[in-house]
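See below for the structure under consideration.
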Amino acid sequence: MTRPIGIYEKAMPRHFSWKERLAFAKELGFDFVEMSVDEDDSRLARLNWTKEERLKVVQAIYETGIRIQSLCFSAHRRFPLGSNNPETEAKSLKIMEQCIELAQDLGIRVIQVAGYDVYYEEKSTETRARYIKNLRKVCNWAEQTQVILAVETMDDPFINSVQKYLTIEKEVASPYLFVYPDTGNISAWHNDIYSELFLGHLSIAGLHLKDTYAVTEHSKGQFRDVPFGKGSVDWEIMFNILKETNYQGPFLIEMWSENCDTVEETRAAIREAQTFLYPLIEKAGLK
């Protein structure tokens, strides 16, 4: 077996069917696709797919040979686990339960959970406590179904480092809870990358490859749509540390090119990312 490298759903044309999307990923040499269930109603609707709709996606997986290995569940931005509103809190738990069921049906192994207590509401000690309480609850469901939950390091100070995640991990204490670091996000917040990846290497379920512009005294940073190699990530150092810590998990190229004018533009954008990243991965001995 070789290290799997995947591509984010939002890097590919939005109008594609799942069979077209998986075939496109295969054409570009990827091993898997990461699905998105975000705060958009059309993607939230996936949680209510019928058995027939789910089976159609599974058939596409088998026909193309490309798995949907992980799922980015950013719907919690709109319906956060730490919400002050009881109805929103209840909704956050309901959609998480539905997401775990969807993962079971599609063979998805890892669900990313957003690393913030609330997003559009004011943060407090109460929102943090509520997040921890509800994260423990959804971990119970994950344990029962053997679906891994992985907290993504975010563009939000609540959990913007692996070290902050490790505190949450101790509080929740679930064997099915991991961390899903985003290389751009942890770099943008000026974390010590060696400490991040060395201390957290036993808890890492997967790794997003993404570049960012750093947060500074005069800038909120930029957490998406930053060209690879132009941002704050020191790619050679990061890959060398991953080699040193014996990271064996997958890489996921996270980028947003689903709204390019043509499929050819989308293909060219992804090829450009591969051309930048793959030689660095190989140089570090991580192929």
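Structure notes:
- All other residues whose Cβ lies under 14 angstrom from that of Pro175 are scored, Lys and Arg at +1 and Asp and Glu at -1, for a net of 0.
- Calculated FRET value between Thr262 and Glu63, using beta carbons and R₀ = 30 Å, to 0.05: 0.75
- Helix-only arithmetic for the chain: the sum of -39500 (n - 2.57) across DSSP H runs with n ≥ 4, divided by the residue total, places the mean residue ellipticity at 222 nm at -13500 deg cm²/dmol.
- Equivalent ellipsoid semi-axes - Cα gyration tensor, the stretch 106-215, angstrom: 21, 18, 13
- Point-to-point label distance, Arg14-Arg77, nm (Cα→Cβ direction, 7 Å offset): 1.3 nm
- Residue order, fewest to most surrounding Cβ atoms within 10 angstrom, among His201, His76, His218: His218, His201, His76
- A cut-off under 14 angstrom between Cβ atoms defines the neighbours of Glu122, and their net charge, with Lys, Arg +1 and Asp, Glu -1, is -1.
- Set Lys10/Lys287; Lys94/Lys220; Lys19/Lys51; Lys133/Lys243; Lys51/Lys91 screened for pairs whose C-alpha atoms are more than 28 Å apart: Lys94/Lys220; Lys133/Lys243
- Whole-Å distance, taken between Cα centres, linking the stretch 135-203 and the stretch 223-282: 21 Å
- About its Cα centre, the dipole of the chain is roughly 580 debye, where the only charges are +1 on Lys and Arg Cβ and -1 on Asp and Glu Cβ.
- Within-11-Å neighbourhood charge of Gln69 [Cβ basis; K, R +1; D, E -1]: 0
- Positive end of the dipole of the chain (Cβ unit charges, origin at the Cα centre): among Leu102, Asn191, Gly229, the Cα lying farthest that way belongs to Leu102.
- Remark: relative contact order (the stretch 161-255) = 30 percent; criterion is Cα-Cα distance under 8 angstrom and separation of 6 or more residues.
Quick note: the coordinates plus some simple rules give every number you see, no bench work behind them. Since this is a predicted model, take the numbers as computed values, not measurements. We place every Cβ from the backbone using ideal geometry, glycine too, and count neighbours over all the protein chains shown.
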